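J.: Following this message is one structure expressed as structure tokens.
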Amino acid sequence: MSLTALFKQKTVFSLEVFPPKKDSPNDAILPTLKRLQSLQPDFISVTLGAGGTNHCDGTVAVADLIQNQLNIPAVSHVPGLYQSKDQVLALLDRLDQIHVKNILALRGDRIPGKEPVGDFNHANELVKFVHEQRPDFSIASACYPNCHTEAADFVDDISHLKEKVAAGADHLISQLFFDNQAFYDFKEKTEIAGINVPIEAGIMPCTNKNQIERITQISGVPIPKKFAAIMDRYQDSKEAMLDAGIAFAVDQIIDLVSQGVDGIHLYTMNKSKIAKRIWEETESVFAASNLAKQKANQN
């Protein structure tokens, strides 16, 4: 079954991990992956690591572990900005050899001082290329509930998103957000624009103030008053900030699932204990949602 087909049957629950650092063996992540396996995710995506690095070896190796040792569908991030068409095809061939047929096609982060290759300046160009050259691959792409930082406005952003879907993106995974209303407003905009592929909500549990400030600075995602109050109250207590950050993520997920979200994509930051706590608090909510979907499909 394709990953896209899963969305018709259930509320999808997926995870994101990143490869070990270059000076660490790729299988160093295996204990973390095995702990995440107990959460029974529908798939696990693998990033290219921090800073938009073009080093793909670790990504392929970790995707191999997920797909072939853990028997969980793996989704490999594929960036376009700093890769040529030939490099992308070579990466897809490597993924095909390990039976990974799902990718997340991205433009990729700009690296200061490094000139893009020029073959893929926008994600829709990469999506179109993969869709045409490797039609047997399933392609996910990214979306931005708080609007992409480089877009002129939401009209511009949604227009580019529609181009990605028209080019062949099967489903979308959102950037992290802390205000569910922003996601609901974004969903309404996509529906008006005629974008009808499944959209997973990207949730990142933020458990320390420095992490949150760094992430919001990079992503441009605003911090709502509710979460700002949590940081102000608990920033000096590691344990309290951990519990509050997890509780906030759980609250987001329960609300999203109750409102019929297509899926939740949890940005784990390779912290399996935090991911496990969140899953334990929300597993019953997913189960109830899945049962409701099954009944609806039977009618």
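The values are calculated or read from the model by the stated rules, or taken from the named source; none is laboratory data. Given the structure is predicted, the values throughout are model-derived calculations rather than measurements. Neighbour counts are summed over all protein chains in view; Cβ atoms, including those assigned to glycine, are modelled from backbone coordinates with ideal geometry. For accessibility, only protein heavy atoms count, side chains too; no ligands or nucleic acids. Shrake-Rupley method; radii C 1.70, N 1.55, O 1.52, S 1.80 Å.
J.: Would you list the strands (runs of 3 or more DSSP E) that sit entirely within the stretch 100-204 and hold 1 or more residues that are touching a strand residue (DSSP E or B) at 6+ places or on another chain (Cβ under 9 Å), more than 25 Å from Q252 (Cβ to Cβ) and at pLDDT 95 or above?
T.: Because the criterion is at least 1 residues that are touching a strand residue (DSSP E or B) at 6+ places or on another chain (Cβ under 9 Å), more than 25 Å from Q252 (Cβ to Cβ) and at pLDDT 95 or above, the strands (runs of 3 or more DSSP E) in the stretch 100-204 that meet it are 102-106, 138-143.
J.: Here's another thing I want to ask about it. Quick test of your reading of the structure: A61 fulfils all but one of (1) free of Cβ contacts under 8 Å to residues at least 40 places away in the same chain; (2) over 20 Å from D136 (Cβ atoms); (3) surrounded by fewer than 20 Cβ atoms within 10 Å (Cβ to Cβ). Name the failing condition by number.
T.: Answer for A61: the failing condition is (1).
J.: How do the pairs read when you match residues in the stretch 259-281 that are within 21 Å of I212 (Cβ to Cβ) with residues anywhere that are part of a strand (DSSP E or B) and hydroxyl-bearing (S, T, Y), using Cβ under 6 Å and keeping only pairs 6 or more apart or on different chains?
T.: Listed pairs, sorted by first residue: H265/S14.
J.: A further question on this structure: Are any residues in the stretch 205-214 outside any loop (DSSP other than H, G, I, E, B) and either buried (at least 21 other Cβ atoms within 10 Å of the Cβ) or among the small types (G, A, S) (or both), and if so, which ones?
T.: Matches in the stretch 205-214: I212 only.
J.: Looking at the stretch 272-288 only, could you name the residues that are crowded, with 18+ Cβ neighbours inside 10 Å and not hydrophobic (A, V, I, L, M, F, W, C)?
T.: S272, R277, T282
J.: (1) in contact with a helix residue (DSSP H, G or I) (Cβ under 7 Å, 6 or more places away or on another chain); (2) closer than 23 Å to E280 by Cβ: which one isn't true of K209, the others all being true?
T.: For K209, the failing item is (2).
J.: Anything in the stretch 215-263 that is assigned to a helix (DSSP H, G or I), acidic (D, E) and within 25 Å of H171 (Cα to Cα)? List them, or say none.
T.: If the condition is that a residue be assigned to a helix (DSSP H, G or I), acidic (D, E) and within 25 Å of H171 (Cα to Cα), then D251, D255 are the ones that fit.
J.: Filter the stretch 227-269 down to residues that are at pLDDT 95 or above and of a type in the set (D, E, K, R) and give me whichever is least open to solvent (accessible area, probe 1.4 Å).
T.: The residue in question is D262.
J.: Does E125 count as in contact (Cβ under 8 Å) with a residue 12 or more places away in the chain and either open to solvent by 40 Å² or more (accessible area, probe 1.4 Å) or over 30 Å from M231 (Cβ atoms) (or both)?
T.: Judged against the criteria, E125 is a match.
J.: Restricting attention to the stretch 260-282, which residues are within 19 Å of the chain's Cα centre (by Cα) and acidic (D, E)?
T.: D262 - this is the single residue of the stretch 260-282 that is within 19 Å of the chain's Cα centre (by Cα) and acidic (D, E).
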